[in-house]
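Student: Structure incoming, see below.
The values are calculated or read from the model by the stated rules, or taken from the named source; none is laboratory data. All of these numbers come straight from a predicted model, not from anything done at the bench. Here the Cβ positions follow ideal geometry from the backbone for every residue, glycine too, while neighbour counts run over all protein chains shown.
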Amino acid sequence: MLRLGVLVLVVGVAAFGFIYYQDQHVDAGPSLIGRQTAAAEAAVKKQPNSIAARLALAASYRSVKRLDDAIVQYDEVLKADKGNRFALLGRGDSLIAKGDLTAAAATYRKITTAGTKGEFAAADPQLEEARYYLGSILVKQGKTKEAIKELQAALRIQSSDSDALYLLGVAQLKEGATLPAIGSLQQALRFVPTGWCEPYSQLTVAYKKLGSASQATYAGAMADFCHKKPVEAKRRLTTLLTGQMKVDAMLGLAQMAETENNNPEATSWFKKVLAVDRTNVTAMTGLSRLGVGPATRSMSSSTTQGPS
């Protein structure tokens, strides 16, 4: 009877807990993106001929990885407006996500072929985007000569596109154009100097091809740091402190220290750079960023007087 009484008590408590939960719990309902998708679907049903509504629905489908459904909506838009840039770019992006690179390339070419004739083709961000993605597809397909043309065309529209510069360097390296590849990769790193591993890895390959051991060591060290190997990265840079790459090595060590929030060490390395190269803009900018006053004055002075 005692055991039975305990069992009844346990069951009663559990039942009370379930009833209380049912009474208090409110179903959150569809997620925000789910509600947005439902609203977009309702808008298309209400206005099936609205291009804006179908583009919004396609974007919602893409955001939840319903790629086939997104492509259907883009195709509906293109039936009404075959040159619609938003639909073509969205369709190309969806096809890339599906892994259908051939169809994606054909979609982007509809923009690049028509875009070259436009009055503002030299400053057309959508054309630049289409050329970049077409170039990236061509690199993946091993069509590097075609890729170089598309990426160079993209860079004529937006010269600061670091992704296009990186892919251009990769394509040039595959074509055996090692020196141009190094220039493209270095330019890419000017816009994104840290936290981007691939350009340093490609530079390591390029410098090894040229037989430039110290440059390859520097690029390899920066790649190591990016790949979370700081001890090896610093060891490799330390070997360069007495050679022709000493300024680059000191800058690398300074950037690593700054990334690790070791501001005193970063300051020390930046100052050592200026002791060797008093007009080094990277070192002056680094010290200014760290709040070191003399660097700010030096930078202001050099800006006023111009380069020596």
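Student: Consider G90 against the criteria (1) modelled with pLDDT of 95 or more; (2) assigned to a loop (DSSP other than H, G, I, E, B): it satisfies all of them except one. Which criterion is unmet?
Tutor: (2) is the only condition that G90 fails.
Student: Is it the case that some residue within segment 244-252 is of a type in the set (D, E) and without any contact (Cβ under 8 Å) to a residue 12 or more places away in the chain?
Tutor: No; the residues of segment 244-252 include none that is of a type in the set (D, E) and without any contact (Cβ under 8 Å) to a residue 12 or more places away in the chain.
Student: From A15, A40, A104, which residue is in contact with a Leu (Cβ under 7 Å, 6 or more places away or on another chain), among the hydrophobic types (A, V, I, L, M, F, W, C), at pLDDT below 95 and assigned to a helix (DSSP H, G or I)?
Tutor: Sole residue among the options that is in contact with a Leu (Cβ under 7 Å, 6 or more places away or on another chain), among the hydrophobic types (A, V, I, L, M, F, W, C), at pLDDT below 95 and assigned to a helix (DSSP H, G or I): A40.
Student: Of the numbered conditions (1) buried (at least 20 other Cβ atoms within 10 Å of the Cβ); (2) in contact with a Cys (Cβ under 7 Å, 6 or more places away or on another chain), H227 satisfies every one except a single condition; which is it?
Tutor: That leaves (1) as the condition not met.
Student: So which residues in segment 79-89 are surrounded by fewer than 18 Cβ atoms within 10 Å (Cβ to Cβ) and among the hydrophobic types (A, V, I, L, M, F, W, C)?
Tutor: Those that are surrounded by fewer than 18 Cβ atoms within 10 Å (Cβ to Cβ) and among the hydrophobic types (A, V, I, L, M, F, W, C): A80, F86.
Student: Can I ask one more? Across segment 74-91, what is the number of residues that are closer than 17 Å to E41 by Cβ and without any contact (Cβ under 8 Å) to a residue 24 or more places away in the chain?
Tutor: Residues flagged as closer than 17 Å to E41 by Cβ and without any contact (Cβ under 8 Å) to a residue 24 or more places away in the chain within segment 74-91 amount to 3.
Student: Another one. When you go through (1) assigned to a helix (DSSP H, G or I); (2) more than 17 Å from M245 (Cβ to Cβ) one by one for S214, which number turns out not to apply?
Tutor: Exception for S214: condition (2).
Student: Kindly establish whether E198 is crowded, with 18+ Cβ neighbours inside 10 Å, among the acidic types (D, E), touching a helix residue (DSSP H, G or I) at 6+ places or on another chain (Cβ under 7 Å) and assigned to a helix (DSSP H, G or I).
Tutor: When the stated conditions are applied, E198 does not pass them.
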